[in-house]
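Heads up: the structure comes next, in structure tokens.
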Amino acid sequence: QVQLVESGGGLVQPGGSLRLSCTASETFVNAYTMGWYRQAPGKQRELVAYITSGGSIKYADSVKGRFTISRDNAKKLVELQMSSLKFEDTAVYYCNFQLSRYSYWGQGTQVTVSS
């Protein structure tokens, strides 16, 4: 069982920036696809971005050009740099590590964009 611990959420004004981090308890994470999802109140959980073991990256259209996902296998870490934040980015953000049929989730971290 892989445990994921997220950090970095908080309250930010529109146009501001935040960096989310997620570290894994697993010793070897190189093979995992790592991603970030979010869930706003009353909405379904949606993909924000993911990065594969080979370094391929996909972003949701709504965050392209504003968010950057990165990984550091040695530190067992995936990060999400969020810039130019908008009101609609407000949600609970979850990190996800996936390998084959195994999928692990963090506990979630709240991001609130408000003036």
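Using Cβ point charges alone (K and R +1, D and E -1), the dipole size of segment 1-102 about the Cα centre works out to roughly 100 debye. With K and R counted +1 and D and E -1, the other residues having a Cβ less than 15 Å from that of residue 62 yield a net charge of +3.
For segment 28-110, the number of Lys pairs with C-alpha atoms closer than 27 Å, counting only pairs eight or more positions apart or on separate chains, is 9.
Lys and Arg at +1, Asp and Glu at -1: add these up for the other residues within a Cβ distance under 14 Å of residue 3 and post the number.
-1
Computing FRET efficiency as 1/(1 + (r/R0)^6) for residue 26 and residue 57, where r is the C-beta to C-beta distance and R0 is 25 Å, gives about 0.75. For residue 48, the residues whose modelled amide H falls within less than 5 Å of its own, excluding neighbours fewer than 5 places apart on the same chain, are 36, 37, 38.
Sequentially through segment 56-62, phi angles give Karplus couplings (6.51, -1.76, 1.60; θ = phi - 60°) of 5, 10, 10, 10, 5, 4, 5 Hz, Gly and Pro residues having no value and appearing as x.
Solvent exposure of the chain amounts to 54 Å² per residue of accessible area, where only protein heavy atoms count and the probe is 1.4 Å. Relative contact order of the chain: 37 percent, from C-alpha pairs under 8 Å at least 6 residues apart in sequence. Full extension of the chain segment joining residue 110 with residue 17 gains 32.1 nm, where the gain is 0.36 nm per residue of separation less the Cα-Cα distance. Between 55, 65, 42, the Gaussian network model of the chain with springs among Cα atoms under 10 angstrom shows the greatest mean-square fluctuation at 42. Of the residues 62, 82, 97, the one whose Cα sits farthest towards the positive end of the charge dipole of segment 55-97 is 97 (charges of +1 on Lys and Arg Cβ, -1 on Asp and Glu Cβ, taken about the Cα centre). Using the Cβ of residue 83 as centre and a radius below 14 Å, the other residues enclosed give a net charge of +2, where K and R count +1 and D and E count -1.
The figure for residue 19 is an accessible area of roughly 110 square angstrom, using a 1.4 Å probe on the protein chains alone. When the residues 61, 89 are ordered by accessible surface, computed with a 1.4 Å probe over the protein chains alone, the sequence from largest down reads 61, 89. Karplus-based coupling profile of segment 19-28, in residue order and whole Hz: 10, 9, 10, 9, 10, 10, 7, 5, 6, 10, with θ = phi - 60° in 6.51 cos²θ - 1.76 cosθ + 1.60 and x standing for Gly or Pro.
The values are calculated or read from the model by the stated rules, or taken from the named source; none is laboratory data. The structure presented is a predicted model; accordingly, all values stated were derived computationally and were not measured. With ideal geometry, Cβ positions are generated from the backbone for all residues, glycine too; neighbour counts draw on all protein chains shown. Areas reflect the complete protein model, heavy atoms only, side chains present, ligands, DNA and RNA absent. Shrake-Rupley method; radii C 1.70, N 1.55, O 1.52, S 1.80 Å.
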